[in-house]
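Report on one structure; see the data block that follows.
The values are calculated or read from the model by the stated rules, or taken from the named source; none is laboratory data. Keep in mind it's a predicted model, so treat the numbers as computed, not measured. Glycine also receives a Cβ, built like all others from the backbone with ideal geometry; neighbour counts cover every protein chain displayed. The accessibility values were calculated without ligands, DNA or RNA, using every heavy atom of the protein model including side chains. Shrake-Rupley method; radii C 1.70, N 1.55, O 1.52, S 1.80 Å.
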Amino acid sequence: MNAENLSIHPGDIISYMDMCRFEGASLQRGMNFRLGGRTSVILMSLRPGAPYADRIEQGGQILIYEGHDAARTKGGPNPKGVDQPETSAVGGPTQNGLFWNAAIAYKNHGAEAERVKVYEKIKTGIWAYAGLFELIDALKQEEGGRKVFKFKLQLSKQQAATAPVGVLEIEHDRLIPAWVKIEVRKRDKGKCVLCGNKENLHFDHIVPFSKGGTSLLAKNIQLLCATHNLLKRDKIE
């Protein structure tokens with residue numbers, strides 16, 4: 001089973017085990033090109049102290065995802081001090097290389113954009129499904145004396161067009177900082193504030209974003225189950 005065949009929407013909060021169940025794989029790394037021969041999957045973090053400099057732009061429509069470092073080896077160099085690898089020791093492409101090739105094929109050769117499902121880490125063992133994106137560009141840049149990969153992903157038009165009415169707006173959810181999500185989840189004890197349900201949770205704006213509500217303060221964000229999130233839509237309770 002995977003996330004495309006089950007009921008999961010941008011903003012849903014799930015456990016690590018459920019995320020693996022949705023994707024039909026044990027997700028041990030952040031970059032997973034065409035996981036199981038299907039859609040690619042990346043795991044990101046916007047939390048302070050995250051190991052990679054992922055970021056969002058243009059109101060959540062664009063994700064800049066940093067490539068991954070070489071594996072740490074006993075007696076080897078600090079992975080943060082060497083180039084992020086494009087090829088493995090045996091000459092094949094790393095995950096960086098696979099995503100790079102797909103981005104260049106789209107940008108320079110007219111190939112279809114790689115579809116990528118994105119999950120955001122909220123805290124240890126807890127993730128949020130960020131939605132379906134398309135890989136549209138990549139570059140290699142010098143940072144701190146080494147080469148790093150930067151991958152540019154754009155919110156999929158398919159995702160935007162098929163999002164159910166009333167489901168937490170993708171672009172609005174993307175603007176809620178990770179530290180706000182952590183505070184809200186702790187305050188609301190990981191359950192819907194209206195019925196106590198702990199399944200299919202969404203981050204909801206109490207005062208809707210469209211009516212001037214902020215995403216930057218925990219007091220304007222709450223946890224709602226899918227049912228109550230759909231019932232509320234954009235009404236102010």
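Name the single residue, out of those in the stretch 209-219 being in a helix (DSSP H, G or I) and either within 12 Å of Asp12 (Cβ to Cβ) or modelled with pLDDT under 90 (or both), that is least open to solvent (accessible area, probe 1.4 Å). Ranking the candidates gives Ala218 first.
All of (1) in contact with a helix residue (DSSP H, G or I) (Cβ under 7 Å, 6 or more places away or on another chain); (2) under 30 Å from Val180 (Cα atoms); (3) open to solvent by 30 Å² or more (accessible area, probe 1.4 Å) hold for Glu23 with one exception: (3). Identify all residues within the stretch 98-129 that are of a type in the set (Asp, Glu) and open to solvent by 50 Å² or more (accessible area, probe 1.4 Å); write none if there are none. Once the filter is applied, which keeps residues that are of a type in the set (Asp, Glu) and open to solvent by 50 Å² or more (accessible area, probe 1.4 Å), the stretch 98-129 yields only Glu112. Within the stretch 220-237, if we keep just the residues that are under 23 Å from Gly131 (Cα atoms) and among the basic types (Lys, Arg), the residue that is most open to solvent (accessible area, probe 1.4 Å) turns out to be Arg233.
One line per residue, one yes/no per condition, for (1) modelled with pLDDT of 90 or more; (2) in contact with a strand residue (DSSP E or B) (Cβ under 8 Å, 6 or more places away or on another chain); (3) part of a loop (DSSP other than H, G, I, E, B):
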position: Ala161; (1), (2), (3): no, no, no
position: Pro164; (1), (2), (3): no, no, yes
position: Leu168; (1), (2), (3): no, yes, yes
position: Glu171; (1), (2), (3): no, yes, no
position: Ile176; (1), (2), (3): no, yes, yes
position: Lys181; (1), (2), (3): no, yes, no
position: Cys192; (1), (2), (3): yes, yes, yes
position: Val207; (1), (2), (3): no, no, yes
position: Leu223; (1), (2), (3): yes, yes, no
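With the requirement that a residue be of a type in the set (Lys, Arg) and loosely packed, with under 12 Cβ neighbours inside 10 Å, what does the stretch 30-74 give you? Residues satisfying the conditions are Arg72, Lys74.
Restricting Lys186, Lys147, Lys198, Lys140 to residues that are part of a helix (DSSP H, G or I) and either within 30 Å of Arg34 (Cα to Cα) or modelled with pLDDT of 85 or more (or both) narrows the list to Lys186. If you check Ala111, Ala25, Ala89 for being hydrophobic (A, V, I, L, M, F, W, C) and closer than 22 Å to Val148 by Cβ, only one passes: Ala89. Checking each residue in the stretch 84-97 for being open to solvent by 40 Å² or more (accessible area, probe 1.4 Å) and out of contact with any Asp or Glu (no Cβ under 9 Å at 6 or more places or on another chain) picks out Glu86, Thr87, Ser88, Ala89, Val90, Gly91. Residues of the stretch 109-136 that are in contact with a Leu (Cβ under 9 Å, 6 or more places away or on another chain) and at positive phi: Gly131 alone. Only residues that are open to solvent by 10 Å² or more (accessible area, probe 1.4 Å), over 16 Å from Pro10 (Cβ atoms) and either in contact with an Asp or Glu (Cβ under 9 Å, 6 or more places away or on another chain) or not basic (Lys, Arg) (or both) were counted across the stretch 192-207, and they come to 8.
Filter the stretch 130-140 down to residues that are aliphatic (A, V, I, L, M), in contact (Cβ under 8 Å) with a residue 24 or more places away in the chain and surrounded by fewer than 22 Cβ atoms within 10 Å (Cβ to Cβ), then give me how many there are.
From the stretch 130-140, those aliphatic (A, V, I, L, M) are 130, 132, 135-136, 138-139; that's our starting set.
The next check asks that each one be in contact (Cβ under 8 Å) with a residue 24 or more places away in the chain; those that pass are 130, 132, 135-136, 138.
With the extra rule that they be surrounded by fewer than 22 Cβ atoms within 10 Å (Cβ to Cβ), the set shrinks to 136, 138.
Number satisfying all stated conditions: 2.
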